[in-house]
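Below is one structure, written out as structure tokens; the observations come after it.
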Amino acid sequence: MKLTKKNGGLQNIKYIEVIKVFSQYKYTDKEIEEIIKSMVILIDTREKKMDHITEYFDKAKILYKKKALPYGDYSFLVPQNESLSIPRDLVFYNDITIERKGSLEELSGNLTKERDRLEKELALAPKNKVLIIENANYSDVVNGNYKTEYNNKSYWASLHSLWHRYNIPMFFLPDHNYTGFFIRGYFSYYLRNILK
């Protein structure tokens with residue numbers, strides 16, 4: 001369900017301020033569910049070929065909105081809700097993000113032709129981040145099961161180097177139809193742990 005209504009604009013506040021808002025109140029389980037259900041997934045305006053994700057969001061009645069994000073491809077916001085003492089939209093893109101690659105071929109291009117840009121973005125991204133690699137398994141990297149000339153040992157080494165250098169776990173999703181489900185779960189449980 002695409003969110004098009006502007007709720008007073010997106011406010012970028014720091015994690016510490018978000019914690020202050022949420023720590024002032026002890027939410028009931030029902031209220032926590034209401035807050036999580038109201039969450040709006042933010043999709044970077046540069047994100048392409050994501051129909052499978054937005055179709056999942058529409059089917060699952062998950063709100064989403066296109067917005068230029070400073071890092072990554074996905075983050076979220078919690079909209080203003082005065083009845084739950086949330087005074088304004090709370091935006092989390094400085095706290096948590098997801099970077100998505102549609103294939104090993106796309107990631108290979110990032111690692112060979114655009115590596116500086118990719119590493120700069122990962123270095124600036126918040127500490128809570130993951131990389132989703134769709135349509136592939138880890139074994140595909142190890143066995144060179146992709147359509148580029150990137151050497152599989154170099155590819156494998158680059159992935160592990162990025163993981164440790166930028167603290168970015170990688171999730172291989174061989175069936176891209178589960179990406180929307182992963183995005184929802186990743187953000188929902190991050191938020192749930194803040195609210196508990």
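The values are calculated or read from the model by the stated rules, or taken from the named source; none is laboratory data. Since the model is a prediction, treat every value here as computed from it, not as a measurement. Neighbour counts are summed over all protein chains in view; Cβ atoms, including those assigned to glycine, are modelled from backbone coordinates with ideal geometry.
Points worth noting:
- Among residues of segment 5-58 being polar (S, T, N, Q) and at pLDDT 90 or above, the one that is farthest from residue 96 (Cα to Cα) is 28.
- Within segment 187-196, the presence of a residue that is under 18 Å from residue 105 (Cα atoms) and at pLDDT 95 or above is excluded.
- Every condition in (1) surrounded by fewer than 17 Cβ atoms within 10 Å (Cβ to Cβ); (2) in contact with a helix residue (DSSP H, G or I) (Cβ under 9 Å, 6 or more places away or on another chain); (3) more than 30 Å from residue 36 (Cβ to Cβ); (4) at pLDDT 95 or above is met by residue 141 except one, and the failing one is (1).
- Scanning segment 23-39 for residues that are in contact (Cβ under 8 Å) with a residue 24 or more places away in the chain and either surrounded by fewer than 20 Cβ atoms within 10 Å (Cβ to Cβ) or assigned to a loop (DSSP other than H, G, I, E, B) (or both) turns up 24, 25, 27, 31, 32, 34, 36, 38, 39.
- The residues of segment 93-105 that are at pLDDT 95 or above and buried (at least 18 other Cβ atoms within 10 Å of the Cβ), listed by number, are 96, 97, 98, 99, 100, 101, 102, 103, 104.
- Close Cβ contacts (under 7 Å, 6 or more residues apart or on different chains) running from residues in segment 54-73 that are more than 17 Å from residue 176 (Cβ to Cβ) to residues that are surrounded by 16 or more Cβ atoms within 10 Å (Cβ to Cβ) and small (Gly, Ala, Ser) comprise 69/75; 71/125; 72/125.
- Among the numbered conditions (1) within 29 Å of residue 190 (Cα to Cα); (2) at pLDDT 95 or above; (3) part of a helix (DSSP H, G or I); (4) of a type outside the set (Ser, Thr, Tyr), the only one that residue 157 does not meet is (1).
- Those residues of segment 179-196 which are surrounded by fewer than 17 Cβ atoms within 10 Å (Cβ to Cβ) and farther than 28 Å from residue 24 by Cα, in sequence order: 181
- Residue 123 passes every criterion in (1) in contact (Cβ under 8 Å) with a residue 24 or more places away in the chain; (2) assigned to a helix (DSSP H, G or I); (3) surrounded by 15 or more Cβ atoms within 10 Å (Cβ to Cβ) apart from (3).
- Tabulated pairs, segment 172-196, first part of a helix (DSSP H, G or I), second buried (at least 16 other Cβ atoms within 10 Å of the Cβ) and among the hydroxyl-bearing types (Ser, Thr, Tyr), C-beta under 7 angstrom, 6+ apart or interchain: 180/56; 181/56; 183/74
- When residues of segment 45-84 are limited to those that are aromatic (Phe, Trp, Tyr) and farther than 22 Å from residue 169 by Cβ, the one surrounded by the most Cβ atoms within 10 Å (Cβ to Cβ): 64
- Residues (without any contact (Cβ under 8 Å) to a residue 60 or more places away in the chain and surrounded by 15 or more Cβ atoms within 10 Å (Cβ to Cβ)) located in segment 157-170: 158, 159, 162, 166, 170
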